[in-house]
Amino acid sequence: MRKLIIAGNWKMNKGLGETRSFLQAVVPQLNKLDLGRVIPLVAPAYPFLTEALREAFASPLMVSAQDVSERNDGAYTGEVSAPMLASLGLKYCIIGHSERRQYHCETDASVNQRLFKLLDQGLVPIVCIGETLAQRDAGDTEKVVLSQLEGGLKDLKLESGTEIIIAYEPVWAIGTGRTATPQQAQEVHAIIRKWIGETYGQSVAQNLSILYGGSVKPDNIKELLECSDIDGGLIGGASLKENDFLAMINTAIGLT
Ligand code: PEP
């Protein structure tokens with residue numbers, strides 16, 4: 001069975017004290033749960049990764065970075081590299097989030113470079129893809145998503161033991177309160193899984209977790225997770241509140 005990942009992308013929210021208090025409230029609750037194949041994960045901002053790792057130590061909570069440099073070291077002010085993230089003991093990193101694509105000119109090619117930097121360090125990339133509203137309205141969703149996959153995963157050989165996660169996040173649903181319907185999300189997830197199967201084989205496709213992101217919250221997560229190709233959520237706003245985060249994890253557990 002595939003992992004069911006409930007991932008909180010905190011974006012540029014929560015400082016040190018808020019990171020600590022969230023985790024001190026949530027980690028003891030997670031420790032009491034029988035999570036099975038549900039993986040809870042949070043992605044705090046860079047300065048608080050160490051604190052998050054410390055608070056999550058020996059618990060089921062995973063910690064992720066929100067981005068990584070496409071280079072390993074050198075004169076790149078403000079950048080954080082994959083070897084640096086690996087040196088923290090981190091296991092996951094989001095790449096290609098639509099906000100990075102929109103505000104920081106990330107492209108499929110730069111996502112691809114990041115992907116290899118992470119894999120070289122043994123980190124698991126959470127690769128975000130998704131169409132804009134204009135692209136959906138033009139009937140281009142499948143074309144856009146497949147070209148992001150082709151570009152972002154270019155030259156990738158998914159050998160056994162190499163893990164990646166895909167997050168389908170329609171741009172029009174991120175932070176807008178407008179969630180894709182389960183049917184809309186499932187349709188695209190099935191397209192993604194089919195492409196993974198054709199490219200890497202059925203065994204890779206059946207084991208790879210594909211998360212949905214875009215205004216997921218406690219009220220709508222169940223119907224999304226009930227879809228056969230949705231293996232969790234990448235959740236922004238609703239992951240910032242302890243109770244909502246725990247509620248979504250409990251919903252996921254209830255479905256396993
Ligand atoms: C996200 O940050 O990836 C996201 C989907 O945000 P929200 O849940 O707030 O729409």
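The values are calculated or read from the model by the stated rules, or taken from the named source; none is laboratory data. Values in this document were obtained by computation on a predicted structure and should not be read as measured data. FYI the Cβ positions are ideal-geometry reconstructions off the backbone, even for glycines, and counts take in every protein chain you see.
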Kindly provide the set of residues from region 162-191 that are within 16 Å of the ligand (Cβ to nearest atom), surrounded by 17 or more Cβ atoms within 10 Å (Cβ to Cβ) and of a type in the set (Val, Ile, Thr), ordered by number. 165, 166, 171, 174, 179, 188
Matching option when the condition is hydrophobic (A, V, I, L, M, F, W, C) and touching a His at 6+ places or on another chain (Cβ under 6 Å), among 166, 221, 230, 192: 230
Residues of region 143-154 classified as part of a helix (DSSP H, G or I), surrounded by fewer than 15 Cβ atoms within 10 Å (Cβ to Cβ), in contact (Cβ under 8 Å) with a residue 24 or more places away in the chain and not hydroxyl-bearing (Ser, Thr, Tyr), total: 1
Residues of region 141-161 being modelled with pLDDT under 95 and either of a type in the set (A, V, I, L, M) or within 13 Å of the ligand (Cβ to nearest atom) (or both), in sequence order, are 158
Close pairs from region 2-21: first over 14 Å from residue 65 (Cα atoms), partner part of a loop (DSSP other than H, G, I, E, B) and polar (S, T, N, Q), Cβ under 6 Å, at least 6 apart: 2/209; 3/209; 5/209
Go through region 81-128 and give me each residue that's within 16 Å of the ligand (Cβ to nearest atom) and of a type in the set (Gly, Ala, Ser). 96, 98
Would you confirm whether or not region 225-248 contains a residue that is polar (S, T, N, Q), farther than 23 Å from residue 164 by Cα and within 15 Å of the ligand (Cβ to nearest atom)? no
Within region 156-179, is there a residue that is acidic (Asp, Glu) and assigned to a helix (DSSP H, G or I)? no
Where a residue in region 224-243 is under 19 Å from residue 175 (Cα atoms) and modelled with pLDDT of 95 or more and its partner, wherever it lies, is outside any helix (DSSP H, G or I) and among the polar types (S, T, N, Q), with Cβ under 7 Å and at least six apart: 232/209; 234/9; 235/9; 236/9; 239/9; 240/13
Here's a check for you: in region 192-216, which residue that is of a type in the set (Ser, Thr, Tyr) and within 16 Å of the ligand (Cβ to nearest atom) is surrounded by the most Cβ atoms within 10 Å (Cβ to Cβ)? 212
For region 1-26, which residues satisfy the criterion of being of a type in the set (Val, Ile, Thr) and assigned to a strand (DSSP E or B)? 5, 6
